[in-house]
Each structure stands twice: as C-alpha cells, then as structure tokens.
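These notes are about the structure you will find just below.
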Amino acid sequence: MKKIVFLFVVVLLISSCSKSLSKEEKALYTEQGKVIAQATAKKLGGTLVKKMKEGGVKDALPFCNENAIPLTKEMSEKYNVTIKRTSHRLRNDENSPNEEEVRIINKYNTLFAEGKPMKPIVELDKSGKPHFYAPIKLQKKCLACHGKIGSEITVKSDSIIKSYYPNDLATGFKENDLRGIWSIAFESE
Ligand code: HEC
C-alpha cells in the first residue's frame, strides 16, 4: 500500500511539474503583463519627472528611495499580482533577483549582446504561478541617475546616490542598454 501511495505522489509531482501554459494563456498573460508594466512605469516615472524638473537629482533621488517600492506594491495590489523590478547591476539590494530572475536576466543579456530582439517571456514559475518577464531598457531621461559618473551624473549627484546606496552598481549605462527586468507574478492560472 505504501508503495502505491508513493507511486501516486511521484506521478502527481511529475504531472504538476510538466504542466505548462497553453499558447492562448501565454498570449493573454503577455498582454496583461505589458499593460501592468507600462502602467507601473508611468506611475513611477510621472512624479519622478516632476521632481527632476523641480529640484533635480537632489529632490528626485530621495523620492525614488522612499517611493519606488511602495508605489510598485500599490500597483501590485491594484492588479492583484506581484510586481518587481530587478537587475544584474543593482542599486537597491531590496530588488535582488531570485534564481529564476537571474536566469531570465542572463537570457536577455545574451540576446542583447547578439543584437537580437528581447521579447517578453511568460512561463510558470517554481510555485506554479504564471510569470511575466520583460526587459527594462535605459532611456535618455534615466541617464541623470544611471549614466556615466562625472558627465551625465554630476559628481554632486553621485555623492547623493552613494549616500543612500553605498554599494550602487547601477551607473555607467548608455541609452538603450538593458537596465534590468520587470518580473510580474500572477495570482492564479
Ligand atoms: C532621480 C534619479 C533616478 C532616475 C532619473 C531614474 N532612476 Fe532608476 N533608480 C533610482 C533609485 C534611487 C533606485 C532605487 C529605488 C528602488 O527601486 O528601491 C532606482 C532603481 C531602479 C531599478 C530597480 C533595480 C535596482 O537597481 O534597484 C530599475 C530597473 C531602474 N531604476 C530603472 C530606471 C529607468 C529605466 C529609468 C528611466 C526611465 C530610471 N531608473 C530613472 C534613481 C533613478
């Protein structure tokens, strides 16, 4: 009897591991993921641009420091998903990538190096949740805080950045570089 139960569990495990999303489901989550990522980027970027205009990096940086994660959380609740921004060159340790995100970032880095398009990826994650990933590319307006120190990032701005993030790795990017990824977990299938 024990043997049968064991076999049953093994079969169940194998079948749940091999469960994958249909083409239609993938298309649906890709569309939803894009909408959520765009809305979150807009939410984060809107006030950021305003702060930059008002007081430059000295005002905008503390804003990001205090609000980036809470605003992302607010958007997660709105869409009933878990939204995260992560990167291979982190500014904030709290955005550290997990194993699956490292794999995706490596994938995008290879595509980027080969000059190939970096399309969104949808797959089931370890906990069986549909998961959306997409690249975050660096735009011109990001350079003041993620560009080259000494030119795009002034020495003064750099010292403000370092005062909040002494281990910052998120500088030296160029326009269109791969800055990081969106990682969005949906609640259910
Ligand atoms: C005013 C300075 C400033 C500007 C401009 C700025 N960022 Fe950031 N960025 C930050 C700070 C501060 C953090 C850390 C805040 C957090 O996410 O907790 C951060 C974090 C990030 C992260 C999360 C990963 C990590 O390294 O912690 C990504 C991705 C990112 N920025 C991309 C961008 C992109 C893309 C743009 C332009 C559209 C941009 N940033 C513009 C200051 C800035």
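Bear in mind that the values in this text are calculations on the coordinates, not laboratory data. Because the structure is a prediction, the values reported are computed rather than measured. Backbone-built Cβ (ideal geometry, glycine too); neighbour counts: all protein chains shown.
Under the Karplus relation 6.51 cos²θ - 1.76 cosθ + 1.60, θ = phi - 60°, what is the ordered set of whole-Hz ³J(HN,Hα) values for segment 74-87, x standing for Gly and Pro?
Residue by residue, segment 74-87 yields 4, 5, 4, 5, 4, 9, 6, 9, 10, 9, 9, 10, 9, 7 Hz.
Say R0 is 30 Å: what FRET efficiency, to the nearest 0.05, do Ala185 and Lys50 get from their beta-carbon distance?
0.50
Beyond 30 Å between alpha-carbons counts as too far, so tell me which of Lys53/Lys129; Lys58/Lys116; Lys84/Lys141; Lys26/Lys141; Lys19/Lys119 fall in that bin.
Too far apart for the 30 Å limit: Lys53/Lys129; Lys58/Lys116; Lys26/Lys141.
Answer with one residue from Gln139, Ala170, Tyr108: the one whose Cα lies farthest towards the positive end of the charge dipole of segment 23-186, charges on Cβ with Lys, Arg +1 and Asp, Glu -1.
Most positive-ward Cα: Gln139.
What dipole magnitude, in Debye to the nearest 20, does segment 113-189 give about its Cα centre under +1 on Lys/Arg Cβ and -1 on Asp/Glu Cβ?
300
Quick one: if the Förster radius is 22 Å, what FRET efficiency do Lys116 and Lys140 give, using the C-beta to C-beta distance and rounding to 0.05?
0.45
Let me check against my output: what whole-number percent is the relative contact order of segment 31-101, with C-alpha pairs under 8 Å and at least 6 apart?
This gives 20 percent for segment 31-101.
Would you work out the charge dipole size for the chain about its Cα centre, treating the Cβ of every Lys and Arg as +1 and the Cβ of every Asp and Glu as -1, and quote it to the nearest 20 debye?
280
Rounded to the nearest 10 degrees, what's the angle between the helix 155-164 long axis and the longest principal axis of the chain, both from Cα atoms, 0 to 90?
For helix 155-164, the angle is close to 40 degrees.
Relative to the longest principal axis of the C-alpha atoms of the chain, give the angle of the C-alpha long axis of helix 23-55, reported between 0 and 90° and rounded to the nearest 10°.
With both axes taken from Cα atoms, the answer is about 20 degrees.
Once you keep just the Cα pairs under 8 angstrom separated by 6 or more residues, what percentage relative contact order results for the chain?
26
At 222 nm, what value in deg cm²/dmol follows for the chain if DSSP H runs of at least 4 each add -39500 (n - 2.57) and the sum is divided by all its residues, to the nearest 500?
One gets -18000 deg cm²/dmol as the mean residue ellipticity at 222 nm.
Rank-order 162-170, 52-60 by packing density, defined as the average count of other C-beta atoms within 10 Å over each peptide's residues, highest first.
52-60, 162-170
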